[in-house]
Amino acid sequence: MQRTIDWVDGSVVIIDQCALPGIYRTLRLDTVDELIDAIARLAVRGAPALGAAGALGVVLAARAGGAVSEEAARVAKARPTAVNLSWGVARALAKLPEGVDAVLAEALEMLDEDERTNREASRLASEVVLDLCGRRPLRLLTHCNAGRLATVGWGTALGVLWHLRAGGFVDSVLVDETRPLLQGARLTAWELAEAGIPYRVLPDNAAAAAMSRGLVDCVLVGADRIAANGDVANKIGTYGLAIAARHHGIPFVVVAPQSTVDYSLPDGGSIVIEERSPVEVTHLAGVAIAPPGADAFNPAFDVTPASLVTALITETGPHPA
């Protein structure tokens, strides 16, 4: 299976997530500017995949010569909330004194490492889910996209599904559409269809109603930045899901690699939340759905307090330990 992001013959190659689900295509990115554009318009997205993009951005800058540190800083700032992006940049940049080949070797190791860590995190999380819900076919609800498209090649929250399915423990999945850019309806549904897992897409605002009707056994989500105390920044709408899950007594489980934990932040109050263009809300597929001149509040993420998280699992186990 093709990786979401990879290094092929001197170029960064990504699956273009802006084209899915209608068109499956890859893009070759040969310059830092092309990579930054792909990150900004979400052609490559998801915290673990952004970590890989950050490292490969340093490779592109190093091979081009010039002000590598300045170019790397531009990559790191392309999206402010997902800590993995700046983490990937910093880790690859640390190898620059050893030469371009060392930077590339570190980035390639990070690609392999991402698959290993997410497989382990999701394996551990699958056991936590079964302990919480019982060893039976489960009805799961997920938000945004935390599958292989959000990582190098496996997934975090959806990676749990791959493990559960192998044991016969998946009944079906409810997929939040995830407004305004529909990462759930476009990407998660595409991955589940590809895997042959029964699913239904639902409007974000229908999730609480589904819980009230007994249609959800567990909520599974990923994360873009985790504070030291376990507060979780994830796609906008996650906080509301956590509140609804707590009200209905449903486990709310977060799965992410350890690289998503930002120990420099004691709690989620200091997490910078990216705000995106109002056009993403006022238009749909290029067509205006609001009156001309309408403004919009369009945060890409929200912060879920640790008190609402039933379990937060990384490849090293529960966090905070």
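Step through the residues of the stretch 7-16 one at a time and calculate ³J(HN,Hα) from phi using the Karplus curve (6.51 cos²θ - 1.76 cosθ + 1.60, θ = phi - 60°), rounding each to whole Hz and writing x for Gly and Pro.
Result, ordered by residue: 10, 9, 6, x, 10, 7, 10, 10, 6, 6 Hz.
Among S307, S259, S126, determine the one that fluctuates most according to a GNM of the chain built with springs between C-alpha atoms less than 10 Å apart.
Of S307, S259, S126, the Gaussian network model singles out S307 as fluctuating most.
I need two numbers for the stretch 5-113: Rg to one decimal and Dmax as a whole number, Cα atoms only, in Å.
Spelled out, the Cα radius of gyration and Dmax of the stretch 5-113 are 12.7, 44 Å.
Mind checking the angle between helix 100-133 and the chain's longest principal axis? C-alpha axes, 0 to 90 degrees, to the nearest 10.
Tilt relative to the chain: about 10 degrees.
Zone of K77 (label point 7 Å along Cα→Cβ, backbone N under 20 Å): which residues in the stretch 250-271?
Answer for this model: 271.
Per Stokes-Einstein, at 10 °C and 1.306 mPa s, what whole-number D in µm² s⁻¹ belongs to the stretch 208-260, with the Kirkwood radius over Cα pairs as the hydrodynamic radius?
Translational diffusion coefficient: 136 µm²/s.
Local charge sum around M1 (other residues, Cβ-Cβ under 15 Å, Lys/Arg +1, Asp/Glu -1)? Walk me through the numbers before you get to the answer.
Details: positive: R3, R119, R148; negative: D6, D112, D114, E115, E191, E194.
Local charge sum for M1: -3.
Limiting things to C-alpha atoms, what are the Rg and the maximum Cα-Cα separation (Dmax) for the stretch 238-321, in angstroms?
In Å, with Rg to one decimal and Dmax whole: 16.8, 50.
Report the relative contact order of the stretch 5-113, percent, no decimals, based on alpha-carbon pairs under 8 angstrom and at least 6 residues apart.
Rounded, it is 24 percent for the stretch 5-113.
Taking the dipole about the Cα centre of the chain, with the C-beta of Lys and Arg at +1 and of Asp and Glu at -1, give me whichever of L220, S86, A43 is farthest to the positive side.
Checked the options; the winner is L220.
Relative to the longest principal Cα axis of the chain, at what angle does helix 47-64 sit, 0 to 90 degrees, rounded to 10?
Orientation of helix 47-64: about 10 degrees from the principal axis.
Against the longest alpha carbon principal axis of the chain, how many degrees, from 0 to 90 and to the nearest 10, is the axis of helix 157-166 turned?
On a 0 to 90 degree scale, this one is about 60.
Arrange the following residues from fewest to most other Cβ atoms within 10 Å of their Cβ: Y199, Y24.
So the residues, fewest neighbours to most, are Y24, Y199.
Counting Lys +1, Arg +1, Asp -1, Glu -1, what net charge surrounds T117 among other residues with beta carbon under 13 Å of its beta carbon?
Summing Lys/Arg as +1 and Asp/Glu as -1 gives -4.
Considering only DSSP beta bridges whose two residues both sit in the chain, what percent are antiparallel, to the nearest 5? Provide the component values of the computation, followed by the final result.
Details: 19 of 39 bridges.
Antiparallel: roughly 50 percent of the beta bridges in the chain.
State, to one decimal in nm², a quarter of the convex hull surface area for the C-alpha atoms of the stretch 120-318, i.e. the direction-averaged projected area.
Value for the stretch 120-318: 11.2 nm².
With a 10 Å Cβ neighbour count serving as the proxy for reagent exposure, in which order, fewest first, do F297, F252, F169 appear? Don't skip to the end; give the middle numbers.
Values: F297 8, F252 24, F169 20.
Listed from fewest to most nearby Cβ atoms, that is F297, F169, F252.
Take the alpha-carbon positions of the stretch 113-238, form their convex hull, and give its projected area averaged over all directions (one quarter of the hull surface) in nm². Intermediate values should be presented prior to the final figure.
Working: hull surface 30.3 nm².
Its average projected convex-hull area is 7.6 nm².
Fewest first, what order do R165, R116, R79, R136 take by the number of other Cβ atoms within 10 Å?
Result, fewest neighbours first: R136, R116, R165, R79.
How big is the gap, in Å, between the Cα center of the stretch 216-278 and the Cα center of the stretch 76-104?
Using only Cα atoms to place each centre, the spacing works out to 24 Å.
No lab work stands behind these numbers, since they all come straight from the coordinates. Computed from a prediction, not measured in an experiment: that's the story for all the values here. Virtual Cβ from ideal backbone geometry, glycine too; neighbours counted across all protein chains shown.
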